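Data block below; observations after.
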Amino acid sequence: FPFLPLHSQILCLVIMLFSTNIVAQSQQDNRTNFSCPSDSPPSCETYVTYIAQSPNFLSLTNISNIFDTSPLSIARASNLEPMDDKLVKDQVLLVPVTCGCTGNRSFANISYEINQGDSFYFVATTSYENLTNWRAVMDLNPVLSPNKLPIGIQVVFPLFCKCPSKNQLDKEIKYLITYVWKPGDNVSLVSDKFGASPEDIMSENNYGQNFTAANNLPVLIPVTRLPVLARSPSDGRKGGIRLPVIIGISLGCTLLVQVLAVLLVYVYCLKMKTLNRSASSAETADKLLSGVSGYVSKPTMYETDAIMEATMNLSEQCKIGESVYKA
């Protein structure tokens, strides 16, 4: 800066050194190696974790929109019912992404539409919850100003991820899940949550046994199979709501079966009564015919009801013999 006064040159130099130190220090904060392994596939399907947060990200639809994927794919990976769109605060999700190499770093490149008030830093820390950082976004979008972004343009946000190496695949490690370390986390807690080996977590991330320096930074969780995440408390409430309905339906079905059984018994008894009455009428007709046959050579056949009506139900007033009646 030969055109500036000496004290201004010194001040600029100090500022530059200070800024360079901050950037270098921030770049060294994340000790997890997200470079592309030479023996890994060029791309792979993997997962990043996401924490449901209010007010904008408590539904699968809103979350799927910023990851350019479907709500159903997130629901399947996260052990959720396909039709459950609403989430509860702090619910952990698994979001499927395609990971590949951009330069010498592993990223899942996601297209994001800029809204009012967005900046690289704001979107990286809020919408994507530190799954990326503003420096990586700026490197991938060098022609854009990090803080003056035109509304409505599509910006690529690179999310940190990694594909398993051949050695890891040989050890049956299928996924390296990207997880942003929380201040209250520890290796034992995270390994239980994801069903991962504590040794594998420490081996993949260079933090030793103390991950305090990893707070709010992405780390890799090696797993042999996709973890079954715990369901949210809302599922318990839904089950409590469904239980009375199930009981009510069961009682209703039981009552319906009982009514049908009573109805069938009634119909059966009514049918048997009709059959008995018919049999009785036939027996009466047979007796009449046997009595008349002694007086006529070829009896005339009458309906039983006509005979009963003509003789006033075989009344004694009409009887003229042992089995003979006048009509």
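A few points about this structure:
- So Asp192, is it part of a helix (DSSP H, G or I), within 20 Å of Val219 (Cβ to Cβ), open to solvent by 60 Å² or more (accessible area, probe 1.4 Å) and charged (D, E, K, R): yes
- Single match in Thr98, Thr132 (criterion: closer than 25 Å to Asp170 by Cα and either touching a Phe, Trp or Tyr at 6+ places or on another chain (Cβ under 7 Å) or at pLDDT 95 or above (or both)): Thr98
- Selected residue (criterion: nearest to Leu58 (Cα to Cα)) from residues of the stretch 84-118 that are open to solvent by 20 Å² or more (accessible area, probe 1.4 Å), in a loop (DSSP other than H, G, I, E, B) and among the polar types (S, T, N, Q): Asn115
- In the stretch 202-223, the residues that are at pLDDT below 95 and either part of a strand (DSSP E or B) or buried (at least 22 other Cβ atoms within 10 Å of the Cβ) (or both): Asn205, Ala214
- Flag if Asp39 is surrounded by 14 or more Cβ atoms within 10 Å (Cβ to Cβ), touching a residue at least 12 places away in the same chain (Cβ under 8 Å) and not in a strand (DSSP E or B): no
- For the stretch 133-174, a residue qualifies if it is among the β-branched types (Val, Ile, Thr), part of a loop (DSSP other than H, G, I, E, B) and without any contact (Cβ under 8 Å) to a residue 40 or more places away in the chain, and the qualifying residues are Val143, Ile151.
- Qualifying residues in the stretch 42-56 (those that are touching a helix residue (DSSP H, G or I) at 6+ places or on another chain (Cβ under 9 Å) and either assigned to a loop (DSSP other than H, G, I, E, B) or free of Cβ contacts under 8 Å to residues at least 60 places away in the same chain (or both)) - the one surrounded by the fewest Cβ atoms within 10 Å (Cβ to Cβ): Asn56
- Subset tally (residues that are touching a Pro at 6+ places or on another chain (Cβ under 6 Å) and hydrophobic (A, V, I, L, M, F, W, C)) for the stretch 32-61: 1
- When restricted to residues that are within 31 Å of the chain's Cα centre (by Cα) and surrounded by fewer than 16 Cβ atoms within 10 Å (Cβ to Cβ), the stretch 131-151 contains 0.
- Trp181, sole failed condition from (1) buried (at least 17 other Cβ atoms within 10 Å of the Cβ); (2) at pLDDT below 95: (2)
- Hits in the stretch 270-321 - residues which are modelled with pLDDT of 70 or more, in a loop (DSSP other than H, G, I, E, B) and of a type outside the set (Ser, Thr, Tyr): Met301, Glu303, Met312, Asn313, Leu314, Ile320, Gly321
The values are calculated or read from the model by the stated rules, or taken from the named source; none is laboratory data. Worth saying up front: this structure is predicted, and the values here are computed from it rather than measured. Every residue, glycine as well, gets a Cβ built from its backbone with ideal geometry; the counts of neighbours run over all protein chains shown. Accessible surface is based on the protein model in full, side chains and every heavy atom, while ligands, DNA and RNA are left aside. Shrake-Rupley method; radii C 1.70, N 1.55, O 1.52, S 1.80 Å.
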